[in-house]
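Undergrad: Dumping the structure here so I can ask a few things about it.
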Amino acid sequence: MFRGTYTAIVTPFRDGAIDETALAQLIEWQIESGITGIVPAGSTGESATLNHADHTRVIEVAVQAARGRCKIIGGTGSNATVEAISLTEEAEKAGADAVLLVTPYYNKPTQEGLFRHFKAIAARTKLPIILYSIPGRCGIEIAVDTAVRLARECPNIVSIKEAGGSVERVNQLRAALPPEFTILSGDDSLTLPFMSVGAEGVVSVASNIIPREMVRMVQAFTEGRPAEALEVHARFYPLFRDLSLETNPIPIKTALSLAGRISGEFRLPLCEMAAANAAKLLATLRNLNLVK
């Protein structure tokens with residue numbers, strides 16, 4: 001169901017509040033660039049620093065800005081099942097097309113706990129659900145067997161965003177899950193390797209600033225033009241690399257600020273890039289003609 005290029009959109013702030021105008025303008029640019037969908041209020045959207053009202057409002061603004069022209073997949077995960085249910089219900093009311101549910105973080109549930117968590121949320125919404133496994137942030141992954149159980153028992157759990165950094169794990173997921181259950185890369189630099197073994201797209205950080213190019217890369221591979229896809233990957237690999245110089249979304253928000261698209265403001269405990277890292281990022285952006 002979920003294939004293509006989805007942007008894990010940043011949340012612009014101005015004077016501590018959500019900059020709704022900047023967010024709507026970013027989404028308009030994304031749509032004009034051919035993006036498949038937008039993922040608001042995810043990790044890249046600083047969901048950990050959004051209160052409940054802000055979280056829902058970011059999704060509402062995305063739905064209103066998109067006006068049905070692309071998919072809106074609201075990030076509604078939490079380490080508390082009751083909160084994830086509430087956020088998911090609010091996203092459904094706001095008009096989201098689907099939700100992205102990150103693995104609960106910090107409290108490290110067992111795989112049985114994970115299964116019950118996601119199953120409980122799935123029972124409370126009609127929306128399609130994309131699971132999100134990112135052990136580097138959460139400390140645990142969604143085991144392949146757990147993903148299989150969820151796909152079998154919850155008809156609206158239909159996809160997984162895989163950000164574990166392992167092609168072998170994508171192999172395992174693809175072999176174990178039903179063919180209609182899609183896998184999306186959660187790492188820009190690994191999108192092509194993941195697609196080569198069965199993933200069908202990406203939830204991208206880099207597409208915040210290179211939406212058209214990420215769409216081209218994924219489409220080229222999907223349509224049987226791997227050399228063209230590799231050409232795009234090779235050109236923008238330095239950007240993929242530098243967007244990991246510091247914790248996401250610090251580098252991508254800095255890049256968008258340097259490009260004049262947002263203010264570059266963060267909410268604590270996130271803060272501006274260290275000067276040396278910002279200089280590296282700026283040099284890469286200039287080499288790619290993304291900023292002056």
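The values are calculated or read from the model by the stated rules, or taken from the named source; none is laboratory data. Quick caveat: nothing in here was measured; it's all calculated off a predicted structure. For the accessible areas, the whole protein counts, side chains as well, though only heavy atoms, and no ligand, DNA or RNA atoms are used. Shrake-Rupley method; radii C 1.70, N 1.55, O 1.52, S 1.80 Å.
Undergrad: Based only on the alpha carbon positions, what is the Kirkwood hydrodynamic radius of segment 1-58, in angstrom?
TA: 11.9
Undergrad: Over the chain, what relative contact order in percent results from Cα pairs under 8 Å that are six or more residues apart?
TA: 18
Undergrad: Rounded to the nearest percent, how much of the accessible area of segment 138-292 (1.4 Å probe, protein heavy atoms only) is carbon and sulfur?
TA: Reported share for carbon and sulfur atoms: 53 percent.
Undergrad: Can you work out D for segment 150-292 in µm² s⁻¹ from Stokes-Einstein, where Rh is the Kirkwood radius over C-alpha pairs, the temperature is 10 °C and the viscosity is 1.306 mPa s?
TA: Numbers: Rh = 16.4 Å.
Translational diffusion coefficient: 97 µm²/s.
Undergrad: If you don't mind, another one. Only helical DSSP H runs with n ≥ 4 go in: add -39500 (n - 2.57) per run for the chain, normalise by residue count and round the 222 nm mean residue ellipticity to 500 deg cm²/dmol.
TA: -14000 deg cm²/dmol
Undergrad: Next question, about the same structure. Rounded to two decimals, what ratio of Rg to Rh does segment 122-212 give with C-alpha atoms and a Kirkwood Rh?
TA: On the Cα set of segment 122-212, Rg over Rh gives 0.97.
Undergrad: Okay, next question. Taking amide H atoms as placed 1.01 Å from N in the peptide plane, list the residues 5 or more away in sequence, or in a different chain, whose amide H sits under 5 Å from that of SER204.
TA: Here the answer is TYR6, THR7, ALA8, since their amide H atoms fall under 5 Å of that of SER204.
Undergrad: Another question, then. Would you mind working out the accessible area per residue for segment 1-125, using a 1.4 Å probe, and quoting it in Å²?
TA: 39
Undergrad: Here's a follow-up. Could you check which residue among PRO109, PRO211, PRO40 shows the biggest mean-square fluctuation in a GNM of the chain with a 10 Å Cα cutoff?
TA: Comparing PRO109, PRO211, PRO40 in the GNM, the peak value goes to PRO109.
Undergrad: Over segment 242-292, what lengths in whole Å, largest first, do the semi-axes of the equivalent ellipsoid take, defined as the square roots of 5 times the eigenvalues of the alpha-carbon gyration tensor?
TA: Values: eigenvalues 60, 31, 12 Å².
Semi-axes (√(5λ), whole Å): 17, 12, 8.
Undergrad: Please give the per residue accessible area of segment 138-292, computed with a probe of 1.4 Å over protein heavy atoms only, in Å².
TA: Each residue of segment 138-292 exposes 43 Å² on average to a 1.4 Å probe.
Undergrad: Give the carbon-plus-sulfur fraction of the accessible surface of segment 3-43 in %, rounded to a whole number; probe 1.4 Å, heavy atoms of protein chains only.
TA: The value for segment 3-43 is 44 percent carbon and sulfur by accessible area.
Undergrad: If you don't mind, another one. Using just the alpha carbons, could you tell me how many Å³ per residue the convex hull of the chain encloses? Please report the intermediate quantities before stating the final value.
TA: Numbers: hull volume 34.1 nm³, N = 292.
Normalising the Cα hull of the chain by residue number yields 117 Å³.
Undergrad: Quick one: which of LYS71/LYS93; LYS161/LYS280; LYS253/LYS280 span more than 20 angstrom between C-alpha atoms?
TA: In this structure, LYS161/LYS280 exceed 20 Å between Cα atoms.
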